[in-house]
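Worksheet for the structure shown next.
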Amino acid sequence: MGAAYTPGLKVSPRTTIEKMRRLPLKGDVVVCVGDRVSPNTVVARTELPGILQTVKLAEQMGVDPTELPGLLRVKVGDVIEKGDILGQTRALFGLLRSDHRASVGGVLEFISEQTGHLGIRQPPTPIEKHAYIEGEIASVIEGEGVVVRCEGALIQGIFGVGEERQGVVRIAVADASAPLLAEDLHAEHRGAVVVGGSCTTLGALTRAAEIGVTGIVCGGIVDRDLLQWLRDALGDPTFDIGVAITGHEPISLTLVITEGFGSIRMADRTFSLLKSLEGRTASINGATQIRAGVIRPEIIVPLERTSERAEVSAGEAGKLAIGTPIRVIREPYFGILGTVTRLPADLVRVDSETRVRVLEAKLEDGRNAIVPRANVEIIETA
């Protein structure tokens, strides 16, 4: 067997990138195919229906539901502000009046003659979907969203947290083996995507949040530091990272880890690429999903368009062959990069006593290793 297919992790200086930008429910697309867009361009918008609040007005007024219509001061369809009078009752020959006011604002949607209840629909929540990257609209999905296309550098990470953001790439360390420390961060890093080396520390994350850093890209992070930082940032000492998907944490910056947990030197090709992009604006997203429908955290830097398309051939994507650059994603070689040197066809018995297909690889530290094919991922550099 000369080749196989395995999940890929892209580190590419130039490729064609397409991002689907879809609304969570039907709405309006406000751009057209061919339009040039920036990261903050609104490409589609919709409204999330407001919550329907039920007001038990007859009970509050102490009257029978059949008496309510004559006491109301509103009708179906009225726009109601919080504090507006919904109904009035009078006592002592009309000398005493009691006003019953709305506790929420919205539109009066129904009045039930059977129960004496009112339904007030709160205002809808507007939702806008932005382009996220600089590029052009490649296609439109009517009423749902668009596909934005650009040519640019793409770096995918192993793990991340934090939402979509944009910032100028700034290198804060001397080389790929240097950790990112609090003292490496300065006021000029405000709004930037800061690149470290082997890992980022708890102190650096805290300092970055204080300065207003947009994002951090590093080789690794100690898991307890990550958890402590998130708990401090969220003010929740019991917070834990979910196993399904990240990227929606209400934190002030986005973190992308390129190699794994612990202090792991960033791959030289990744660090060199980021260094070559210093001063350019990047879009960064920490969303990570490790189960079905894998989502990778990413850094995208749009580049000037060329006459040739930079797309990776679908037939070659994920191809495992002699010379393919890989990263091992299981112990004892976790996080180490290498190059495939041989792909034995026969099944091999491993430590777990199961028989699996393996590959032989030359690791970046000079060692030769035999690794189950399921324990590696391709570093796609095309």
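The values are calculated or read from the model by the stated rules, or taken from the named source; none is laboratory data. What you are looking at is a predicted structure, and each value in this text was computed from that prediction instead of being measured. Because the Cβ atoms are built from the backbone with ideal geometry, glycine has one as well, and the counts that use them run over all protein chains shown. We work out accessible area using only protein heavy atoms, side chains counted, and drop any ligands, DNA or RNA first. Shrake-Rupley method; radii C 1.70, N 1.55, O 1.52, S 1.80 Å.
Using the C-alpha gyration tensor of the stretch 23-176, what are the square roots of 5 times its eigenvalues, in whole angstrom, with the largest one first?
54, 19, 12
On a C-alpha basis, how far is the centre of the stretch 22-56 from the centre of the stretch 245-260 in Å? Whole number, if you could?
25
Determine Rg/Rh for the stretch 137-230; Rg is computed over alpha-carbon atoms and Rh is the Kirkwood hydrodynamic estimate from the same atoms.
That ratio is 1.07, to two decimals.
Dipole of the chain (Lys/Arg Cβ +1, Asp/Glu Cβ -1, origin at the Cα centre): which of PRO65, LEU202, CYS150 lies farthest to the positive side?
CYS150
As a test of understanding, state the convex hull volume per residue of the chain from its alpha carbons, in Å³.
Dividing the Cα hull volume of the chain by its residue count gives 213 Å³.
Top to bottom by accessible area (1.4 Å), largest first, where do HIS130, HIS100 land?
I get HIS130, HIS100, largest accessible area first.
LYS82: which lysines have alpha carbons under 18 Å from its alpha carbon, excluding same-chain residues fewer than 8 sequence positions away?
LYS56
Calculate what fraction, in whole %, of the accessible area of the stretch 151-287 sits on carbon and sulfur atoms when a 1.4 Å probe is rolled over the protein chains.
About 50 percent, which is the carbon plus sulfur part of the accessible surface.
Using a 1.4 angstrom probe, figure out how much accessible area the stretch 76-227 has per residue, in square angstrom, rounded to the nearest whole.
43
Running a GNM on the chain with Cα contacts under 10 Å, which residue among GLN88, GLN228, GLN289 ends up with the highest mean-square fluctuation?
Largest GNM mean-square fluctuation: GLN88.
With a cap of 15 neighbouring Cβ atoms within 10 Å, and only residues DSSP puts in a loop, list the trypsin sites (Lys or Arg not before Pro) found in the stretch 87-191.
Those satisfying the criteria are ARG190.
List the lysines whose Cα sits under 25 Å from the Cα of LYS129, skipping any in the same chain fewer than 8 residues away.
Hits, sequence-local ones excluded: LYS19, LYS26.
Leaving ligands, DNA and RNA out of it, report the carbon-plus-sulfur percent of the accessible area of the stretch 61-143 at a 1.4 Å probe.
52
Let me check I have the definition right: for the stretch 96-167, take the eigenvalues of the Cα gyration tensor, multiply each by 5, take square roots. What are those semi-axes in whole Å, largest first?
49, 17, 11
Taking amide H positions as placed in the peptide plane 1.01 Å from N, state which residues far from ILE51 in sequence (5 or more) or on other chains have amide H under 5 Å from it.
Amide H to amide H, under 5 Å and 5 or more residues apart or across chains, ILE51 pairs with GLN122.
Taking every alpha carbon pair in the stretch 111-152, what does the distance histogram look like in 5 angstrom bins from 0, in percent?
Final binned percentages: 5, 16, 15, 12, 9, 7, 7, 7, 7, 6, 5, 2, 1.
When the Kirkwood hydrodynamic radius is evaluated over all pairs of different C-alpha atoms of the stretch 234-290, what value in angstrom, to one decimal, is obtained?
Result for the stretch 234-290, one decimal place: 13.9 Å.
Relative to the compact-globule scaling 2.2 N^0.38 Å, provide the ratio for the alpha-carbon radius of gyration of the stretch 24-86.
2.00
Per residue of the stretch 137-148, in order, report the coupling 6.51 cos²θ - 1.76 cosθ + 1.60 (Karplus, θ = phi - 60°) as ³J(HN,Hα) in whole Hz, putting x for Gly and Pro.
Using θ = phi - 60°, the values come out as 6, 7, 7, 10, 9, 3, x, 10, x, 9, 10, 9 Hz.
For LYS362, list the lysines whose Cα falls under 30 Å from its own Cα; do not include residues on the same chain fewer than 8 positions away.
Once the sequence-local lysines are set aside, what remains near LYS362 is LYS10, LYS275, LYS319.
Please compute the contact order of the stretch 52-164 in relative form: average sequence separation of alpha-carbon pairs under 8 Å and at least six residues apart, divided by the residue count, as a percent.
Computed over the stretch 52-164, the figure is 23 percent.
Per DSSP H run of n ≥ 4, the term is -39500 (n - 2.57); total these for the chain, divide by its residue number, and report the mean residue ellipticity at 222 nm rounded to 500 deg cm²/dmol.
Value at 222 nm, helices only, nearest 500: -2500 deg cm²/dmol.
Before I look further, what does the stretch 233-301 give for accessible area per residue, probe 1.4 Å, in whole square angstrom?
In whole numbers, the stretch 233-301 has 45 Å² accessible per residue.
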